[in-house]
Each structure stands twice: as C-alpha cells, then as structure tokens.
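Take this structure first; my questions come after.
The values are calculated or read from the model by the stated rules, or taken from the named source; none is laboratory data. This structure is a prediction, so every number in the text was calculated from the model and none was measured. Cβ placement follows ideal geometry from the backbone for every residue including glycine, while neighbour counts extend to all protein chains displayed. Please note that ligands, DNA and RNA were not included when accessible areas were found on the heavy atoms of the full protein model with its side chains. Shrake-Rupley method; radii C 1.70, N 1.55, O 1.52, S 1.80 Å.
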Amino acid sequence: MALETPLRLSEVPAPEQGGRGDYARRNLTFRLLIALLFVVMFASLRFGKMLIWGDSGRPATSFVDHLMVWGSITWVILLPWAVADLTGWMLYRRHSPAGDGFTGAPIETLVSFRVVTVGKQTAVVRTTVESILGAMADRPLFPFVVEVVTDHRMRNLPRHPAVRQLVVPQDYETLQGAQHKARALQYAAESSTLSHDAWIIHLDEETRPTPQVIEGIRSAVEEEEASGRLRVGQGLMLYHRGLETNTVWTLADSVRVADDLGRFNLQYRLNRVLFGMHGSFVLVRNDVEQRIGWDMSPKDSLTEDTTWSLLQMQRGTRFRWVDGAMIEQSPLNIGDFVRQRGRWFRGMWWSAIHAHAALRYRLMLLVAMFVWSVGWLMLVYTYLHFLSGVALPTGIAIVGEVVFAVYLTNYLLGLWVSLSDRGAQRSEWVRYTVLQLVLMPWYTAVEAFAVIHAVLRPAKGFHVVEK
C-alpha cells in the first residue's frame, strides 16, 4: 500500500518564550532539591542507626555477627550503580520550551509514531492512538503519521488520515527467525513506505505522549538533521496512569522513573548505551534503523531493544537524550510484574554475553547485569544489618549508607516527579509518599524473587503484560 501524503502543517504561533536565566535557575533548583532529598535520606539512615544502636553499634561477638561484618564488603558492588544515578541526577536538565534554543517553529520532517501490538488489547491501542492525535493537535510541530504494527487486524482504530495499520502476515518469517516484537518491527521496516529520511518514534501499545515530548521530538530531530550526527534518542518515561486503581504496582515502578533521570540520562549524555535501553520511546531516523534492522535470532529477540542498541553501537551509531516525557502503565498484578522483570533479566544477560558486538560495547552492560544479579542480596543484607546493629568499620558503613540512601531516593524521586506531572493534590502527595516508604521492603523482596525465579524457572516465550 502506498503511503498517503502525510498531514501538512498550518502556521502556528510560537509559544511565549521565557529567559535562559529562568531556565537555568529552575534546573539548578531541581538539582538542589534532588541533592537535598538524598542528604535527608542519608542523614535519616545515619541518625536512625545511632538512635537505636548508639554511636557505633554493638560489637561483633557471635559467628553470625562476624558474618554480618564481612558481608558489608558487598556494599561496594552496588556503589557504581549509586554513583551513576547520583551523577545522572546532577546532570539532568528539566525540559523547557525556552531552553536549548527552542523556538516553537514547525519543521517539515515527517515523523512516524510506530505502535507495536499483538492486536488483542484493542481498547488500549485505540486510547494510545487517540492520545497521539491529541498531542499532535496541541503541538502541530511536524507532519506525522501513526503506524500501528499488529499481528491481528484491528477494527476500532480512529478514522483519521494519519492513522494506518501494518498487519504482520501469520506466515511471515525473517531470515534469522526473529520472534515476538522483533519480528513485527522487521516486517514494518520492510513493508512501510516511509522515506529514508523520515524519523520514527517507537512506542509500546500503552505508551502515551505528553505535549512536552512533542516539543522534545521536534527539537531533537532538528538538531540531529542540522548536525548530521543522526543519533538515536530516548528520554523520560513516567508511571502514574492507574495510580488510584493499581496503586501497589504503579508505585513499584517509581524506581524506573528515577533510573531514567539518573543512570540512563547519564549514558545518553555520554552518547552511549551502557546499561541497555528501553524498547519504547526510541527516536531514530529510518535509514539509521535500517542499518541494523530487527532481523535477529529468537534468543536475541527476547530483549530486542538491548541487542539492537549494541549492534548500532558496533556500527558507530551514537545516542542522545530527548526532552519531555512519555507516560507508561505498570503491570496489574504480581505475576505479570515478576514475568516482566524475569524476561528483561534473561534477555539482557543473553545480549550482554552473545550479541555480535565488540566487548568494549558490552562490558558495562555485563557489569550492570552482574550488579542486578547480586544487588538484591546487598539490599536484603542492608535490612538485616540495620536490624542487627553490628558495628562496622566507618568507611564501609558510610558506603552502605550512601548506597541505601540512593536506593530510597530512587523510589521517592520517581514518585514525586510522577506526581508533579500528574498535578496531584496535597493529600495525594502525603498518601502516596507514605505508601511508597512502607512498600519499599516488599518491592525489594519481589524484585529479588523475580531474579531467582528467572534463574531457576526461566519462562519460555515472550510474555505480553496485560494492560
């Protein structure tokens, strides 16, 4: 099917501009607030231990006590993760239409919102497409199309000249036997009639754009076209949809928001993929995507995003941060949550070890996966140590407090950024903050169980989380 002429832009006024000084002050304020939150968490841990166990804790007397002392060395394993998040937070720049030379003027580069779905959660996909159309109506900053890539034809999509379906034939196979999402993406790459210089923003079936991210996409496309670097972009994803009805598992994903602001922001500021990348909110020019494509082996297809990013690095592609935020939805139950984490864990380990990219591109991912594999033990140890009150060498104790303070800050920072975007009332801030603090030990246990379950009982296939 030939691609219809994309929607063209009408003249729209540029948004009112603020000063760069105001933009810089807001960024500085945001960083100072993050630093203050970390300091409060660190001080609370230190003074809480002093209040319960005295200035230095009780001396080790039993065999178990001495095990607790030696176990504290494992805190060092989590220190690189903590430093990466802290560094990313201090480098983070909040999106502002007045920042980084944003003028609000439309550009003429075509952007495709490519939504990948199995095609069974039709109401979810329709809502996502409607949210894209709404965001583009609010910020008509570039011509666009919406490509819904689906295994099953959908009858309920909005009737709009920008919306079209790419239905993957049941007998479609790739040369390397790509499966799941990678198979659908490869079919889209082969069958879509987008021009080579069009840009694609990859979205999952539940991912919804904000008006601000439309500005971010526009700015990123303009910058990359002007520089010729053509970097792949990714940005912040928030989790606050369904907070009232799916409170427990939405709060569990607060840590992912702060991770985006922290270590993922850091890697994109360095123009590298160090810790993997998300499969949604991927901004890439069509010809850059085609350099690698999505035809990969079935095992590489388990986390196709990670494999693809490593292969792109091997080819010389670099990465960047995109301003604004997408809004995601968390799993609805513990089974989906555990299976989702387990798939990521197994797939990313496979990519880190087996992806056809030089070791220098996989090395940091290998380190990150090792930290993920044993990190839950460190966190469980931290709770046990706090309860035991055994005295530790001062340096090791400070390392542990820094690491655990970052862990606490992750959840609270992610929650507060999501609540801010949501426009939450004061009562909601209090209620959800208390719940976040109370539930964090439970989240540690579930994340640990997901890793253990993935190792002992690896699931077969690609589990699609119900939304």
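For Gln212, work out the one condition from (1) out of contact with any Phe, Trp or Tyr (no Cβ under 7 Å at 6 or more places or on another chain); (2) surrounded by 23 or more Cβ atoms within 10 Å (Cβ to Cβ); (3) modelled with pLDDT under 95 it doesn't fulfil.
Answer for Gln212: the failing condition is (2).
Turning to a different aspect of this structure: So for region 107-117 (the condition being surrounded by fewer than 17 Cβ atoms within 10 Å (Cβ to Cβ), of a type in the set (S, T, N, Q), in contact (Cβ under 8 Å) with a residue 60 or more places away in the chain and not in a loop (DSSP other than H, G, I, E, B)), does at least one residue qualify?
Within region 107-117, none of the residues are surrounded by fewer than 17 Cβ atoms within 10 Å (Cβ to Cβ), of a type in the set (S, T, N, Q), in contact (Cβ under 8 Å) with a residue 60 or more places away in the chain and not in a loop (DSSP other than H, G, I, E, B).
Can you name the condition, by its number, that Met348 falls short on among (1) under 23 Å from Arg315 (Cβ atoms); (2) in contact with a Lys or Arg (Cβ under 8 Å, 6 or more places away or on another chain)?
Met348 satisfies every listed condition except (2).
Moving to a separate point now. Taking into account only those residues within region 344-391 that are modelled with pLDDT under 85 and among the β-branched types (Val, Ile, Thr), which is farthest from the chain's Cα centre (by Cα)?
Result: Thr382.
Still on this structure: Among the residues of region 188-206, how many are open to solvent by 20 Å² or more (accessible area, probe 1.4 Å) and closer than 20 Å to Ala226 by Cα?
3
So, one more: Given the structure, is Asp253 free of Cβ contacts under 8 Å to residues at least 40 places away in the same chain, open to solvent by less than 10 Å² (accessible area, probe 1.4 Å) and of a type in the set (D, E, K, R)?
Numbers: free of Cβ contacts under 8 Å to residues at least 40 places away in the same chain: no; open to solvent by less than 10 Å² (accessible area, probe 1.4 Å): yes; of a type in the set (D, E, K, R): yes.
No; evaluated as a whole, the condition is false for this residue.
Leu243 fails exactly one of the following numbered conditions: (1) open to solvent by 10 Å² or more (accessible area, probe 1.4 Å); (2) of a type outside the set (S, T, N, Q); (3) farther than 26 Å from Val149 by Cα. What is the number of that condition?
Result: Leu243 fails condition (1) only.
Ok, one more. Only one residue in Arg360, Arg339 is surrounded by 17 or more Cβ atoms within 10 Å (Cβ to Cβ), out of contact with any strand residue (DSSP E or B) (no Cβ under 8 Å at 6 or more places or on another chain) and either of a type outside the set (Ser, Thr, Tyr) or within 20 Å of Pro458 (Cβ to Cβ) (or both), so which one is that?
On the way: Arg360 fails: surrounded by 17 or more Cβ atoms within 10 Å (Cβ to Cβ).
Residue meeting the stated conditions: Arg339.
Which condition number in (1) open to solvent by 10 Å² or more (accessible area, probe 1.4 Å); (2) farther than 30 Å from Asp259 by Cα is the one that Val168 fails?
The number of the failed condition is (1).
Whether any residue in region 293-311 is assigned to a helix (DSSP H, G or I), closer than 17 Å to Arg229 by Cβ and over 12 Å from the mean Cα position of the chain (by Cα) is what I want to check.
Kept after step one, since they are assigned to a helix (DSSP H, G or I), are these residues of region 293-311: 300-311.
Filter again for closer than 17 Å to Arg229 by Cβ, leaving 309.
Checking which are over 12 Å from the mean Cα position of the chain (by Cα) leaves us with 309.
Looking for residues that are assigned to a helix (DSSP H, G or I), closer than 17 Å to Arg229 by Cβ and over 12 Å from the mean Cα position of the chain (by Cα), one finds at least one in region 293-311, hence yes.
Being surrounded by fewer than 18 Cβ atoms within 10 Å (Cβ to Cβ) and touching a helix residue (DSSP H, G or I) at 6+ places or on another chain (Cβ under 9 Å) is the filter here; which residues of region 270-285 pass it?
Narrowing region 270-285 to residues surrounded by fewer than 18 Cβ atoms within 10 Å (Cβ to Cβ): 270-272.
Selection gives Arg272 alone.
Which residues, counting only those in region 338-362, are among the small types (Gly, Ala, Ser) and in a loop (DSSP other than H, G, I, E, B)?
Here is the first cut: in region 338-362, the residues among the small types (Gly, Ala, Ser) are 342, 347, 351-352, 355, 357-358.
Result: Ala355, Ala357, Ala358.
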